[in-house]
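Notes to accompany the following structure.
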Amino acid sequence: MTRTLSALLLALVLVLAACGAADDQGERTCTTKADCNAGEECIQNKCFQPADVQPGEVDASPGEGVTDVAVDVPDDGKTDVPDSPDQIEDSKTDVPIVPDIPVEADNDPPTVASTTPAADQDNVDIPFTITVVFNEPMKTTTIYEQSFEVKDIKGTQVAGTLAFSANDTTAVFTPTVGVLAASPYTVTLKGSIIQDAAGNKLGEWQTFTFYTRPPKDLSKYDALAAKYAPVINQATDLAAPHYDYLTAFDVDGDWDGLDTLQYVQQTATELPANVYYAVTETSSHYFVQYVFFYPFRNTAEPTERFGNDVSGALVVVRKYPTEAPVAVETYYKRQSDEPSNAFVTSESGIVPDGTSPESLRINGVYPQAELFPGDRYVAYLTAGSHQSCVWNWTGGGTIINYCKLSAAMKNEIESHRIQYVYKGVAEAIAKGAGWPVAKEDVGYGLQDLVVKLWPRRKAEGVVGDSEITYTPEQGRPGANQKMGRSLVTSLDGDFSFAPWAWRWWQSGVAGYDLPRGMLFLDPAWFVATRHNLYTEFDPQTKAGFSTDYCFNAFFNIDNRSKPECQ
């Protein structure tokens, strides 16, 4: 580059110098160098005297308006001097022309890269924030309360603030009002409004739901559920025993109950054993609910078959004078009936001396050591229909009962019975060459129903379309709660009631028709009403039966700090 510039400047100097000489000597025209004097050059048809050139510098005084120009040349002192104007022209440096590069327009719609909490996540801490990450910078003016909606279980929009990351790819919602424990929250991103920085719309509306955790510090209730977890004798069907295995609703890894049966029928190679639980507390008693879940009710009558079956039991534990289990109340569905069998200990005092158990709607009275050996009642669950019973009950009395056991029946069941025991872990029964019809000492785990199922009480894929509104008896809590009535099933016909929709009801029997949901949601009032336990609790003597809750997650009651609950 330096060499080329030197040549151009030198040519300019020669031209200017020649012009100066012409002024002194007069112009001499020429066609070639031969027409000029010795030592002159013919440049542009005129004769010029070239200037002296020193290595590394050219001095020129061509005339007015021209200043001294210093031109660097290579260290060897050589300078390429063009012989003619044509060479001067040829020596010019070509400057490349850079063509215009078109900028490609952004016509791609934005996408949601991630959300926190994630869709279907449960046990989310409270208070929470909601973070939505997009794949590109967004037009933040299109993301506001009308396009980024957060609603609670009642469908009420949650007030809050929205903030954005520095590059506008992340939106963070923070509620400015209190939020509910053990409840669903649904986020809707309105794609018809939300746009990226280029103006492309998100497109289809995007919705996801997450579920908040129950109140904290429930370890005492977890320990109670483990302490009184029953021993379970589960009868099995010889042809399809796996339909009678205890497991979890999401055994297939998702919360879509419509595909659970298909997974068990076609894909599953093992089924881990789980039981759901929930604990409520009054000043005088604990109420421990156990829910048994099955992938399929496989009855002889086809119209009574359905996927996602549940039955259960309520264990009542007194707190004073010493903690002890005093009653177990079972629940199951049998055709259109929803029976509940009740058994109490003779030490409980629930059945006073000289009083008939049947007058208090009690099926049987047993010594504590017999009804609760090792503090655990022994359950018997029938094959196919999953009726929830007590193993040592042989029947009797006039109360309708469907699952009494004779000695002969127990012997027959031994050949096709799974015995489950609580071990704190969900041991799996493997299919192997075929699903086993009998097995001893299978450990089951406990899953917190208030974490897993209760927050999903209105979730699509868990409950069916029918909804109920809980209607308590006068003066009791929980009014106007809305929840799904039944669990979903992939089959037409019958269905299982969700635990929070259980009702003690038997056709043609007076006094059995208590409000739907009371058995599970308000167990203290259910037990008191069923068995006439109306002796008010005395906080000083600790005697009596209290129906005032210290803790009830279903009604968002938490009075554990009150003196009467200590």
Residues of region 192-203 being in contact (Cβ under 8 Å) with a residue 40 or more places away in the chain and either of a type in the set (Gly, Ala, Ser) or assigned by TED's automatic domain parsing to the domain that holds Met483 (or both), in sequence order, are Ala197, Ala198, Gly199, Gly203
Per the filter on region 351-365, residues out of contact with any helix residue (DSSP H, G or I) (no Cβ under 6 Å at 6 or more places or on another chain) and either assigned to a helix (DSSP H, G or I) or crowded, with 18+ Cβ neighbours inside 10 Å (or both) are Pro357, Glu358, Ser359, Ile362, Asn363, Gly364
Taking first residues from region 299-321 that are closer than 22 Å to Tyr263 by Cα and second residues anywhere that are β-branched (Val, Ile, Thr) and not in a strand (DSSP E or B), the pairs with Cβ under 6 Å that are 6 or more apart or on different chains are Arg305/Thr299; Phe306/Thr489; Gly307/Thr489; Asn308/Thr489
When you look at Trp504, is it more than 26 Å from the chain's Cα centre (by Cα) and modelled with pLDDT of 95 or more, yes or no? no
**Asked** Does at least one position in region 220-229 carry a residue that is of a type outside the set (A, V, I, L, M), touching a residue at least 60 places away in the same chain (Cβ under 8 Å) and either more than 30 Å from Ile557 (Cβ to Cβ) or in contact with a Cys (Cβ under 9 Å, 6 or more places away or on another chain) (or both)?
**Response** no
With the first residue restricted to region 406-419 and required to be assigned by TED's automatic domain parsing to the domain that holds Ala240, and the second required to be modelled with pLDDT under 90 and hydroxyl-bearing (Ser, Thr, Tyr), Cβ contacts under 8 Å at 6 or more apart or on different chains are Ser406/Thr394; Ala407/Thr394
Within region 421-430, restricting to residues that are within 30 Å of the chain's Cα centre (by Cα) and assigned to a strand (DSSP E or B), the one that is surrounded by the fewest Cβ atoms within 10 Å (Cβ to Cβ) is Ala430
How many residues of region 310-324 are crowded, with 23+ Cβ neighbours inside 10 Å and out of contact with any Leu (no Cβ under 8 Å at 6 or more places or on another chain)? The answer is 4
Of those in region 471-520 that are surrounded by fewer than 19 Cβ atoms within 10 Å (Cβ to Cβ) and among the acidic types (Asp, Glu), the residue farthest from Gly257 (Cα to Cα) is Glu473
Of the conditions (1) at pLDDT 95 or above; (2) more than 33 Å from the chain's Cα centre (by Cα); (3) surrounded by fewer than 18 Cβ atoms within 10 Å (Cβ to Cβ), the single one that Asn559 does not satisfy is (2)
Cβ pairs under 8 Å, 6+ apart or interchain, first in region 522-540 and part of a helix (DSSP H, G or I) and β-branched (Val, Ile, Thr), second surrounded by fewer than 18 Cβ atoms within 10 Å (Cβ to Cβ) and modelled with pLDDT under 95, ordered by first then second residue, are Thr529/Glu473
Residues of region 167-225 being of a type in the set (Lys, Arg) and either assigned to a loop (DSSP other than H, G, I, E, B) or crowded, with 16+ Cβ neighbours inside 10 Å (or both), in sequence order, are Lys190, Lys201, Arg213, Lys216
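The values are calculated or read from the model by the stated rules, or taken from the named source; none is laboratory data. No experiment lies behind these values; they were computed from the predicted model shown. Virtual Cβ from ideal backbone geometry, glycine too; neighbours counted across all protein chains shown.
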